[in-house]
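Asks: Mind having a look at this structure? Questions to follow.
The values are calculated or read from the model by the stated rules, or taken from the named source; none is laboratory data. As the structure is a computational prediction, the values presented were derived from the model and not from experiment. Reconstructed Cβ throughout: ideal geometry from the backbone, glycine too, with neighbour counts over all protein chains shown. For the accessible areas, the whole protein counts, side chains as well, though only heavy atoms, and no ligand, DNA or RNA atoms are used. Shrake-Rupley method; radii C 1.70, N 1.55, O 1.52, S 1.80 Å.
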Amino acid sequence: MVSAAELHRRGLIETNAGRHTEARKHFLKALDRHPDPELTARIQLSLAHAQFELGSTEEALSLCHTALSMRGTSGQTQGLIHSQLGVVHSRAGNGAQALLEFSRALLLLDESPAPRATALLNRGNVHLQRGDVQLALADLDAAQRLAGGAGLEVIRAKAEHNLGYASMLAGDLTAALRHMERARGTLEGLSPVYRAVCNQERAEVLVAAGMVSEAEKSFRTAARAYGSHGLRQRQGEAELLLARLLLRDSPPEAGRIAHRAAGRFRGRGSESWALRADLVSVGSAVATGRWSRAVPDPDQLQADLTRHGLRQDARMAALQAVQVEIQAGRAGGASQRLARVRITRDDPLPTRLLAREARARLASLQGRRATAMGHVRQGLRDLHEWQSSFGSLDLQSSLVGHGRTLALEGLGLAVDDGRPKVVFEWAERARALAGRVTPLRPPSDPVTASRLTELRQLQSEIDQAESRGVVPRSLVVHANELRDEIRQHAWYGEGSGLVIEPAGIDEAVAALGSSGGVVLSYIVVEGQVHCLVVTASHPELCSLGPLSKIRAFLDGMQADLDLAAARLPSVMAAAIRGSLDQRLALLGQILVQPVEPRIGNGPVVIVPSGSLAGVPWSLLPGLCQRPVTIPRSVTSWLADHGREFAFGSAGFVAGPRVDRAGEEVRRASAPWEAPTVLVAGDARSAAVRQVASTVDVFHAAAHGRHSADNPLFSGLELADGPWFGYDIDQLDDIPSTVVLSACEVGRSSVRWGEETIGMTVAWLHAGARCVIASPALVNDDLACEVLAGTHRLLAAGVAPAVALHEATQAVDVEAPSPFICFGSGW
């Protein structure tokens, strides 16, 4: 017969693997063996843990108290029981009682490292739940050091993982990801449940980083995984995180999921978790304006959250109550409530931004527009300060989402004000936020370089397999793992901590006076499109109508552009070109025609909202007759305007399988003195890196691919595989002007905060002054002719946007030329 001790040991193995049903069977059999009081007490507390995970909070507490009342148990066992009581209370949301139990446990436990480290780990988790980040960091660090010194790898990994979570709450996302990555290998191998836990909490870091689509998938996957194992508490926690994430963009769905999660929690007696879910329900009601009897009263919710020690959540509830008052037009009530909310620099950034938003809206309701703008300005300043601490363009552009609502509030106030000077300030202040963070050029990283080489080779194998019709799943899985590793490694880069203040309209007017040019700054507020026209004379704000009408014309635009570049039968080509011309004419009527009388005959700077990504600006009637450049902001254009372009040296690359690529680079390089030219098998990544690092003008003629999901994995096809956006950071120096004669690489993806990111943005962020690229497929004949002409003018010292425009006008090719000059092209 198997002994009670052996059955207990087997049950603990199942518990550590997250298989609580099997663990419970072992523990119940062990109790049937009538072991001595000491072992009986330990089995009961282990059974209590299993019962709680399987949904019975009251039974778990009862088992612990029964074990605690048994005679003949040691102080060590009593300490373990108090520790288990702490776990049950903490998971049920009874934070104050949990802290008391863990403190009692640590007084009773001897110096054995495993139980002490576990108690410290769990107490640290309670501090995390209550928002006491510094106390959490202290306990978790002590647990990690104690477990690591004793060789207790699983406990050490759990503490390390939770240190990552605490770092996230403290705002240090790179430290959070480092801690979690170091723990991941150990924890994921324990069981599918632990894998779900790791993915879920890493997804919380992704939410903080603004990478919401990836986080949403992780939360949904985790909820399903917990549900399939009957872990209703954890399932509810994953659903709560999903609901919080959806609150901004899908408030009705967020409310439904939060209500479901609250039901799960209350069914288990986890009231504090249910209150957190109620908070999301209130947020959904505030966002949609739909209140029902199922939605809690914000005041009562705030009181209940405070009673449970959830101070951060209570502050959020108070701010939601303020929003309710503002929506109802009750400025007095909102003011009184807001006066009672105490927000400090120690509060998480989302809480501080919500408080700024509430203060701005209240000031606006009271008619104090300048005060409202001051609150928005300070909120965005806080966001920028945090954003600038990260060196990764990927992170910087994603973090913008946290300030989207606040930025739109500022833009809306500015448009209501109507004065061009105010609108210009907010058009610059409220968008392209990553573009105002001063980039810090990182040294080339051998780890990233090695992984990029490996991914290049792997992608070549995948492309070859696709040509044969069968792609082994193992190759795809490995490629995705490499992308994740490369991307995350890039997040660890340090930021400059420097943010450029936006330029003023007077600076733009002065710069335009010497060039005869014009700035067209397109703004979208509450579904309406506006254009601020800035010239050397006087600026003017024009209303252009609803965004929905523009989007209707953009639907199908990409397909028409791509088909227009293909070699098609003449009848089909004429039909496609007719459809494209009609779309372009209709877009031109909305976006250009109303402001065309102010444009004049000079060059144009266009700064579009992220909502207008996909507009082929260089093809629109009214713009195609003049040089156009599209910087990330007017501020970035002014930083370069007036400086001489560096045109001392040029390098050219022709990738494989592109008709006329060799001819294109030979003709384009002809006007330059001693150009470097790589064609065919010589166009390999190492050689391309060397060329791009040493020239002023870099030209690549290659097949291109835009990756919408991971824009910095957009790339150019070279002889040894794709050359990615991440490869740009491996360059020793950055060319001033980049010409990408490759399909699609001029496209950008629009992030959560309407920040655009893609290969052109990666070049500009790294330090290029301008990038000539196409957002669509390009006809090979047209590319060869237009870009050869562009280089004749560049070599003569003509500004890139002007050179591209004049070369395009001189070419007689039926296909449209979708090339655009991004950055400061004139």
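Asks: Confirm whether residue 299 is touching a helix residue (DSSP H, G or I) at 6+ places or on another chain (Cβ under 7 Å), closer than 20 Å to residue 333 by Cα and among the acidic types (Asp, Glu).
Replies: Here the answer is yes, as residue 299 does meet what is asked.
Asks: Could you figure out which of (1) crowded, with 19+ Cβ neighbours inside 10 Å; (2) among the polar types (S, T, N, Q); (3) free of Cβ contacts under 8 Å to residues at least 24 places away in the same chain isn't true of residue 323?
Replies: Every listed condition holds for residue 323 apart from (3).
Asks: List pairs: first in the stretch 630-649 and under 19 Å from residue 796 (Cα atoms), second assigned to a loop (DSSP other than H, G, I, E, B), Cβ under 6 Å, 6+ apart or cross-chain?
Replies: Note: pairs meeting the criteria are 646/696; 646/736; 647/696; 648/696; 649/695; 649/696.
Asks: Do we have residue 584 as at pLDDT 90 or above and among the aliphatic types (A, V, I, L, M) here?
Replies: Answer is yes for this residue.
Asks: Now a separate question. Restricting the stretch 750-785 to residues that are among the β-branched types (Val, Ile, Thr) and either buried (at least 24 other Cβ atoms within 10 Å of the Cβ) or in contact with a Pro (Cβ under 6 Å, 6 or more places away or on another chain) (or both), which is modelled with the lowest pLDDT?
Replies: This residue is 757.
Conditions (1) within 29 Å of the chain's Cα centre (by Cα); (2) at pLDDT 90 or above, marked per residue:
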site: 660; (1), (2): no, no
site: 663; (1), (2): no, yes
site: 668; (1), (2): no, yes
site: 671; (1), (2): no, yes
site: 678; (1), (2): no, yes
site: 699; (1), (2): no, yes
site: 713; (1), (2): yes, no
site: 719; (1), (2): no, yes
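Asks: Taking into account only those residues within the stretch 584-618 that are open to solvent by 20 Å² or more (accessible area, probe 1.4 Å) and polar (S, T, N, Q), which is farthest from residue 515 (Cα to Cα)?
Replies: 589
Asks: Select, from 499, 509, 437, the only residue that is at pLDDT 80 or above and either over 30 Å from the mean Cα position of the chain (by Cα) or of a type outside the set (Phe, Trp, Tyr) (or both).
Replies: Of 499, 509, 437, the one residue that is at pLDDT 80 or above and either over 30 Å from the mean Cα position of the chain (by Cα) or of a type outside the set (Phe, Trp, Tyr) (or both) is 509.
Asks: Follow-up. Could you grab the pairs with beta carbons closer than 6 Å, sequence gap of 6+ or different chains, first residue in the stretch 766-783 and closer than 19 Å to residue 663 by Cβ and hydroxyl-bearing (Ser, Thr, Tyr), second one modelled with pLDDT of 85 or more and open to solvent by less than 10 Å² (accessible area, probe 1.4 Å)?
Replies: 774/818; 774/819
Asks: Same structure again: Would you call residue 92 open to solvent by 40 Å² or more (accessible area, probe 1.4 Å) and touching a residue at least 60 places away in the same chain (Cβ under 8 Å)?
Replies: no
Asks: Filter the stretch 661-681 down to the residues that are open to solvent by 70 Å² or more (accessible area, probe 1.4 Å) and not hydrophobic (A, V, I, L, M, F, W, C) and list them by number.
Replies: 666, 667, 673
Asks: So, in the stretch 105-114, of the ones that are of a type in the set (Gly, Ala, Ser) and open to solvent by less than 40 Å² (accessible area, probe 1.4 Å), which residue ends up farthest from residue 275 (Cα to Cα)?
Replies: The qualifying residue farthest from residue 275 (Cα to Cα) is 114.
Asks: I'd like the full set of residues that are in contact with a Leu (Cβ under 8 Å, 6 or more places away or on another chain) and of a type in the set (A, V, I, L, M), limited to the stretch 651-664.
Replies: Of everything in the stretch 651-664, those that are in contact with a Leu (Cβ under 8 Å, 6 or more places away or on another chain) and of a type in the set (A, V, I, L, M) turn out to be 653, 654.
Asks: May I ask you to say which residue of 359, 369, 315, 342 is buried (at least 17 other Cβ atoms within 10 Å of the Cβ) and in contact (Cβ under 8 Å) with a residue 24 or more places away in the chain?
Replies: 315
Asks: Have a look at 606, 576 and point out the one that is modelled with pLDDT of 90 or more and either touching a Leu at 6+ places or on another chain (Cβ under 9 Å) or not small (Gly, Ala, Ser) (or both). Reasoning before the result, please.
Replies: On the way: 576 fails: modelled with pLDDT of 90 or more.
Answer to the selection: 606.
Asks: Something else now. Give the residue that is surrounded by the most Cβ atoms within 10 Å (Cβ to Cβ), with candidates limited to residues of the stretch 687-735 that are assigned to a loop (DSSP other than H, G, I, E, B) and in contact with a Leu (Cβ under 6 Å, 6 or more places away or on another chain). Step through it out loud before you land on a result.
Replies: Within the stretch 687-735, the first condition is being assigned to a loop (DSSP other than H, G, I, E, B), and the residues that meet it are 693-696, 702-703, 706-710, 714, 719-720, 731-735.
Okay, now just the ones that are also in contact with a Leu (Cβ under 6 Å, 6 or more places away or on another chain), so 693, 702.
Working: 693: 16, 702: 26.
The residue in question is 702.
Asks: Which numbered condition trips up residue 69, out of (1) open to solvent by 30 Å² or more (accessible area, probe 1.4 Å); (2) touching a residue at least 12 places away in the same chain (Cβ under 8 Å); (3) over 40 Å from the mean Cα position of the chain (by Cα)?
Replies: (2)
This table checks each residue for (1) over 28 Å from the mean Cα position of the chain (by Cα); (2) of a type in the set (Val, Ile, Thr).
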position: 115; (1), (2): yes, no
position: 129; (1), (2): no, no
position: 143; (1), (2): yes, no
position: 150; (1), (2): yes, no
position: 165; (1), (2): no, no
position: 177; (1), (2): no, no
position: 181; (1), (2): no, no
position: 193; (1), (2): no, yes
position: 197; (1), (2): no, yes
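Asks: If residue 632 passes every condition in (1) open to solvent by 10 Å² or more (accessible area, probe 1.4 Å); (2) charged (D, E, K, R); (3) over 18 Å from residue 736 (Cα atoms) but one, which one does it miss?
Replies: Status for residue 632: all satisfied but (3).
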